[in-house]
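The values are calculated or read from the model by the stated rules, or taken from the named source; none is laboratory data. Only a predicted model underlies this, so the values are computations on that prediction, with no experimental measurement involved. Here Cβ is always computed from backbone atoms with ideal geometry, including for glycine, and neighbour counts include all displayed protein chains.
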Amino acid sequence: MTPLIRPLAAIAVALVVNMPAAAPAQSYQVDCAILLCLAGGWPTSAPCAHARAVFIRRITPWPVEPPLQIWRCPMGASFAAPARALPLERLHDITFRTGSSIAMPTASLPVLPVQASEQADIDISGDAFDFVRSIRVFHIQFHQREDGDGRCIRSDSTRLGSYGEQGDYRWARSSVTAVPSASALPRPKHCDRMVYRSVFVDWRDHAGSYGFEEVRY
């Protein structure tokens, strides 16, 4: 862990643990909360429980959405904080400040302004936000069977969703061979009949700890 990331990891955990647990889910920006809670390794708190539920719901078909939509978190918004504040301290202020015009007005997810370029509205290319680029979403669609002549017929439409330098999200073709071993995807040695469909997402938090979730359908 680099000297920069180590203090940021500690800040992420401390800030998330000290979130107001009794605050209703609608009182904060959900994508800012996802960003902060993910950085801190999803600590136990009411805001992080809600943020993680949204994170997982977005990868539950259909459609399969980016689990973190960083362009919906106004990190560049002005607020009363020292200019020297570290990125996650600034993010905490943006996410949980009260009386803000960008706070969620209702219990349902709000329709928030989206950045035209669908990426972060500040520079996140530094090491402090590597955890964003660690997120991978595998949409697995695979089946195989053996035909009457003993040939193995396979169909693999797996694709990979990933984040670019500024949090922009893209899909690319992939295959089941690239799916991490943490997935429940069977790894048969022979051409056993198999149909497997799921969405698997994994990530590493600020401290480098590995996490994942998989939704079968």
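Things to note:
- Selection from the stretch 47-69 of residues that are of a type in the set (Val, Ile, Thr) and in a loop (DSSP other than H, G, I, E, B): ILE59, THR60, VAL64
Quick grid of which residues meet (1) touching a strand residue (DSSP E or B) at 6+ places or on another chain (Cβ under 7 Å); (2) modelled with pLDDT of 95 or more:
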residue: GLN119; (1), (2): no, no
residue: ILE122; (1), (2): no, no
residue: GLY126; (1), (2): no, no
residue: ILE135; (1), (2): yes, yes
residue: HIS139; (1), (2): yes, yes
residue: HIS143; (1), (2): yes, yes
residue: ASP147; (1), (2): yes, no
residue: GLY150; (1), (2): no, no
residue: SER157; (1), (2): yes, yes
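- Within the set MET19, MET1, the sole residue that is modelled with pLDDT under 85 and in contact with a Phe, Trp or Tyr (Cβ under 7 Å, 6 or more places away or on another chain) turns out to be MET19.
- Set side by side, the residues TRP71, TRP62 differ, and just one is at pLDDT below 90, under 24 Å from TRP171 (Cα atoms) and not assigned by TED's automatic domain parsing to the domain that holds ARG159, which is TRP62.
- Within the stretch 152-167, restricting attention to residues that are touching a helix residue (DSSP H, G or I) at 6+ places or on another chain (Cβ under 8 Å) and in a strand (DSSP E or B), the residue that is farthest from ARG193 (Cα to Cα) is TYR163.
- Unique match (being exposed (fewer than 14 other Cβ atoms within 10 Å of the Cβ) and not in a strand (DSSP E or B)) among ASP149, ASP121: ASP149
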